[in-house]
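Undergrad: First, the structure itself, so that you have it in front of you.
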């Protein structure tokens, strides 16, 4: 039985996949399984996966029809055997000591979740030699309740965390949407996991030319956010006062700012429809008491209020 399950969703990433899988093979901690979920790829990704599986029995390939990133992660979760779980996106890479370092702090503090930082790299330009790490020198903070105690926006990206598998029981990613990490992460935070946050860049995030931030805004993007926000609204009443304050102070303003800016950058063809969809989300937040003046920039707040009133 492997100690760690690495879940890697794969969809049409033949350009980056070798870069990703090589970083897994280079791990200094070796007791892991790499669950590679081929999510209906139509390029050469499946062939690359089979090549690695032949070289290394720790790589296990699961083929399925396309279900999207969330669906592939959920499949990996169902199949995972490890005591700990790590999610890795197949166009990115990890530091050779990611597992060793995260496990060191997990076991040292008897934690349920370890969070770390990431570094952005252009395309698949991983530095030739990753910086060596001395674990006793790494700055680390322990939180019994990370959402209430962290005092800043809690990182939502699941690939910046190693999880105790028990923490993920009954958890699923919302399928068929983008921006799925936020509702998943805050559902985990609602359990108040014992968490260690370490000040070390262990993940290499690939900046792709085709990234969503450079694409034309679509109504579907706003609707996906709205789906995630609805899940957050359901969670909200389970939080204590300090946790609610953190959500209102850090998370909600950031999510709304991203969406509003995406609407403003959209073409005339899409802008009005996107703003109407965004207004529906704002009304849901307002009715749930999650739209508070004190946490937003004044001009954005006025814009939100106008959208809330419009169409009522």
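Undergrad: Need the failing condition index for residue 81 against (1) over 16 Å from residue 12 (Cβ atoms); (2) crowded, with 21+ Cβ neighbours inside 10 Å, just the number.
TA: Answer for residue 81: the failing condition is (2).
Undergrad: Hey, among 230, 245, 271, 257, which residue is farther than 25 Å from residue 299 by Cβ and in the same structural domain as residue 295 (by TED's automatic domain parsing)?
TA: The conditions single out 230.
Table: residues versus (1) in contact with a strand residue (DSSP E or B) (Cβ under 8 Å, 6 or more places away or on another chain); (2) surrounded by fewer than 19 Cβ atoms within 10 Å (Cβ to Cβ).
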site: 99; (1), (2): yes, no
site: 109; (1), (2): yes, yes
site: 120; (1), (2): yes, yes
site: 123; (1), (2): yes, yes
site: 134; (1), (2): no, yes
site: 142; (1), (2): yes, yes
site: 147; (1), (2): no, no
site: 151; (1), (2): no, yes
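Undergrad: From the list 194, 244, which residue is buried (at least 17 other Cβ atoms within 10 Å of the Cβ), without any contact (Cβ under 8 Å) to a residue 12 or more places away in the chain and closer than 23 Å to residue 152 by Cα?
TA: So the residue among 194, 244 that is buried (at least 17 other Cβ atoms within 10 Å of the Cβ), without any contact (Cβ under 8 Å) to a residue 12 or more places away in the chain and closer than 23 Å to residue 152 by Cα is 244.
Undergrad: Checking the structure you have, find out if any residue of region 283-294 is under 21 Å from residue 227 (Cα atoms) and exposed (fewer than 14 other Cβ atoms within 10 Å of the Cβ). Working first, answer last.
TA: Step one: filter region 283-294 for residues under 21 Å from residue 227 (Cα atoms), giving 283-292.
Remaining after also requiring exposed (fewer than 14 other Cβ atoms within 10 Å of the Cβ): 287, 289.
The answer is yes; a qualifying residue exists.
Undergrad: Kindly state which strands (runs of 3 or more DSSP E) lie completely within region 85-200 and contain at least 1 residues that are under 24 Å from residue 1 (Cα atoms) and at pLDDT 95 or above.
TA: The strands (runs of 3 or more DSSP E) meeting that bar are 113-122, 161-164.
Undergrad: Filter region 17-37 down to the residues that are surrounded by fewer than 22 Cβ atoms within 10 Å (Cβ to Cβ) and in contact with a strand residue (DSSP E or B) (Cβ under 8 Å, 6 or more places away or on another chain), then identify the one that is modelled with the lowest pLDDT.
TA: 19
Undergrad: Being in contact with a helix residue (DSSP H, G or I) (Cβ under 9 Å, 6 or more places away or on another chain), free of Cβ contacts under 8 Å to residues at least 40 places away in the same chain and assigned by TED's automatic domain parsing to the domain that holds residue 102: is that true of residue 37 here?
TA: Against the criterion (in contact with a helix residue (DSSP H, G or I) (Cβ under 9 Å, 6 or more places away or on another chain), free of Cβ contacts under 8 Å to residues at least 40 places away in the same chain and assigned by TED's automatic domain parsing to the domain that holds residue 102), residue 37 qualifies.
Undergrad: Please note which helices (runs of 4 or more DSSP H) are completely contained in region 206-312 and include at least 1 residues that are closer than 26 Å to residue 69 by Cα.
TA: 219-236, 252-265, 268-287
Undergrad: Looking at region 41-61, can you tell me whether even one residue there is under 26 Å from residue 186 (Cα atoms) and either touching a residue at least 60 places away in the same chain (Cβ under 8 Å) or in the same structural domain as residue 193 (by TED's automatic domain parsing) (or both)? Before you say what the answer is, go through the steps one by one.
TA: As a first pass, look at region 41-61 and keep what is under 26 Å from residue 186 (Cα atoms): none.
Looking through region 41-61, none of the residues is under 26 Å from residue 186 (Cα atoms) and either touching a residue at least 60 places away in the same chain (Cβ under 8 Å) or in the same structural domain as residue 193 (by TED's automatic domain parsing) (or both).
Undergrad: Working only within region 47-57, note down all residues that are out of contact with any helix residue (DSSP H, G or I) (no Cβ under 6 Å at 6 or more places or on another chain) and either surrounded by 19 or more Cβ atoms within 10 Å (Cβ to Cβ) or under 17 Å from residue 92 (Cβ atoms) (or both).
TA: Selection gives 49 alone.
The values are calculated or read from the model by the stated rules, or taken from the named source; none is laboratory data. Everything numeric in this text was worked out from a predicted model, so none of it was measured. Using ideal geometry, Cβ is built from the backbone for each residue, glycine included, and neighbour counts are taken over all protein chains shown.
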